[in-house]
Structures are given as C-alpha cells and as structure tokens.
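Values in this text are rule-based calculations from the coordinates and carry no lab data. All values derive from a computational prediction rather than experimental measurement. Cβ sites come from the backbone with ideal geometry, for glycine too, and all protein chains shown count toward neighbours.
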Amino acid sequence: MKHPAELALHQYLADAVNGKSTISEETIERIGKDVTDAVRRQFGSGSRRKEFGLRMSNIGRPTCQLWFEKNKPEEALPKPVTFMFNMMLGDIVEAVFKGALTEAGIAFEECHAPVSLELDTATVNGTYDLVIDGAVGDVKSASDWSYRNKFESFDTLHKGDSFGYVGQLAGYAKASGKKAGGWWVVNKANGAFKYVPADNIDMDSEVAKLNSTAKTVEANVFKRCFAPEVETFRGKTTGNTTLNSACVFCDYRYSCWPDMVERPSIPSQAKDPKITSYITIAEEHK
C-alpha cells in the first residue's frame, strides 16, 4: 500500500462486507446529492457544445488534439451510446469512494470552487477532487487493463499519458498551492482500488509543459505530436508503420491521418489477426 489511508479504507470495507460497519445518514445523503448533481450535469446539457477553452481537464493533453478541438470539433468521432453510462459510472464511483473515505475516518478536503492557474498566456480554471494531508488527489475509475498497466505506477502513467492526467494534477497542485499527491484508482471491472502516488513528478517541468501548451494553442498552428511507430514482427521490422499508441483513443485520429488503413495485421500468422491501423504499408504488402 502506498498511502496510510488505504489501510483504513480496506478495514472499513472489510467490516462492511462482514456486516460489522454502518454508514451514517449524512454520508448517504451526501453520496445521493453528488450522484444527483452528476446526473444533472451529464444529461442536462442536451446537444449544446461548450465553446473551446483551456481547462484543467484538457491542459495536459497533446496540442495536436487540442488544435482539432478548437478548430474542427465537428470532425471528432461520434461518441458511442455507452458514453453516458461510462461517464456516470465514473461519477458514481467517485461519490461512493468519497463516502467510504468519510466513514473510514479519513479526513479530506474537497474543492467547492474553481482554482485558477495563471500561465504566461492564459488563465486555466478547474476543480480538483480532494486533498488528503495537504496533497491534491484525483479519483479515477479505470478499465481492468488501465488499472493493471497504465496505473501500475507513476512512471507507467507518465510514459503513456495521452489523457493528460499528470499535467492536470500538476496544474491543480500549482494553482492551489498544495503538494501533488496522486491518484485514487478504482477498477471498474472488479472494484479493486489502489493509490498511485505522483512520487517522481517534476513540478517545474510539468508547469513548463503547461505553459508551452497554452502558447501553442494560442499560436493555433497544427503540428502532430506523435510520429508513426515502426512495425516489427519476431524482432524484425516489416517496412510498415502503424498509428502511434498514444493516438489510439484520440477522437481525431482519422482526420489527422486521412490515409490510415485499418486491416488485419499483415505479418501475423494467427487465425484471427488483430486489426492494425497502418499509416504506411511496404510496397510488397499492398
């Protein structure tokens, strides 16, 4: 365990499973209010699209993605019908998680008003999830794969941080004048949870990146952030290149790479090869 609060939370939940703990009416009402607010927020905006602006929730993302959000939002891939339920799952997990923290006797502070980060060319606002022992934390619900791989440690998260979670946490910490704590991550598949501390975060470097992002967005010049990856098979290059792994979940990947071809893996000898996004294909494979 990476945080003292984890032990208290595990004990409270173990007692709950065995019928040895209760939950206060005040906490139940608070969870209910948070979920009600989330339903209203998620389902109440209709089809209206908010005007683009830098926020804590997007300031850590790649600038190429932000360019599309600012200039060509209509080219984003349509959200699946499961999107709203997925968002609500995250909101419900956060509400219940905070309730469990309260009942476990873990003192924490929530952000009830936006905090502002003053960058060189922009002011970025946002609200963090909670503060424990003077350190800003974020509550995330994750798929089983992300829980085991992406959120394995700070280093693995930082290495593949296409959603900008590290920059977001750094922005919250800088804006609030508090330490950068880490992420409370809940596995949506089985309910497992853990704390991933931002123990190796370089605040100066992360804030410098946020400043650079704000300046790039203001300049409004498009430049891809990620190059195609060289495909290999059994330790040898195939001559093909594929979509960068950082771009896999980007809503604008088809607009960014209009000549991309999705087809079964060319070198694979499996009966059902995985579908691969090819940027270039060697002549002999065409």
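A few notes on this one:
- Straightening the chain between M203 and A219 buys 3.3 nm, computed as 0.36 nm per residue apart minus the Cα-Cα spacing.
- Amide H contacts of G239: E231, each under 5 Å away and 5 or more positions distant or on a separate chain (H built 1.01 Å from N in the peptide plane; Pro and chain starts excluded).
- Overall form of the stretch 236-286 per C-alpha gyration tensor (a/c, 1.5; a/b vs b/c): prolate
- Degrees between helix 4-17 axis and first principal axis of the chain (Cα, 0 to 90, nearest 10): 80 degrees
- Treating r as the C-beta distance of F233 and N86 and R0 as 41 Å, the FRET efficiency rounds to 0.75.
- The computed P(r) over Cα pairs in 5 Å bins from 0, in percent for the structure shown corresponds, within (i) 1, 5, 11, 14, 17, 15, 12, 7, 4, 3, 3, 3, 2, 2, 1, 1, 0, 0, 0; (ii) 1, 6, 14, 18, 21, 18, 12, 6, 3, 1, 0; (iii) 1, 5, 10, 13, 16, 16, 14, 10, 7, 5, 3, 1, 0, 0, to (iii).
- Between N211 and H10, the FRET efficiency estimated from the beta carbon spacing at R0 = 30 angstrom works out to 0.15.
- Contact order, relative form, for the stretch 137-209: 41 percent (alpha carbon pairs under 8 Å, 6 or more residues apart, mean separation divided by residue count).
- Over 29 Å between alpha carbons, listed pairs K70/K140; K72/K174; K79/K174; K159/K215: K72/K174; K79/K174
- Charges were assigned to the Cβ only: +1 to each Lys and Arg, -1 to each Asp and Glu. The resulting dipole of the stretch 146-279 about its Cα centre is roughly 240 debye.
- Between N149, A38, P197, the Cα set farthest toward the positive side of the dipole of the chain (charges on each charged residue's Cβ, about the Cα centre) is that of N149.
- When only Cα pairs below 8 angstrom with a gap of at least 6 residues are kept, the chain shows a relative contact order of 19 percent.
- Dipole orientation for the chain: of the candidates G164, W257, A214, W257 has the Cα lying most toward the positive pole (charges on Cβ; Lys, Arg +1; Asp, Glu -1).
- Residue-averaged 222 nm ellipticity for the chain, from DSSP H runs of 4+ at -39500 (n - 2.57), nearest 500: -11500 deg cm²/dmol
- Straight Cα distances below 27 angstrom link K271 to the lysines K236, K286, with same-chain residues fewer than 8 positions distant left out.
- Cα shape, the stretch 173-286, gyration tensor, a/c 1.5 rule: oblate
- Highest-MSF residue in the chain out of V35, V261, V17 [GNM, Cα springs under 10 Å]: V17
- Angle in degrees between helix 25-43 and the longest Cα principal axis of the chain, rounded to the nearest 10: 30 degrees
- When the C-alpha to C-alpha distance is required to be over 23 Å, the pairs from K98/K179; K33/K178; K178/K223; K179/K209 that qualify are K33/K178; K178/K223.
- Nearest 10 degrees, 0 to 90: helix 165-176 Cα axis against the chain principal axis: 40 degrees
- For the stretch 152-183 and the stretch 244-286, distance of Cα centres in Å: 30 Å
- Here N71 and K271 are evaluated by their C-beta separation; at R0 = 51 Å the FRET efficiency comes out at 0.75.
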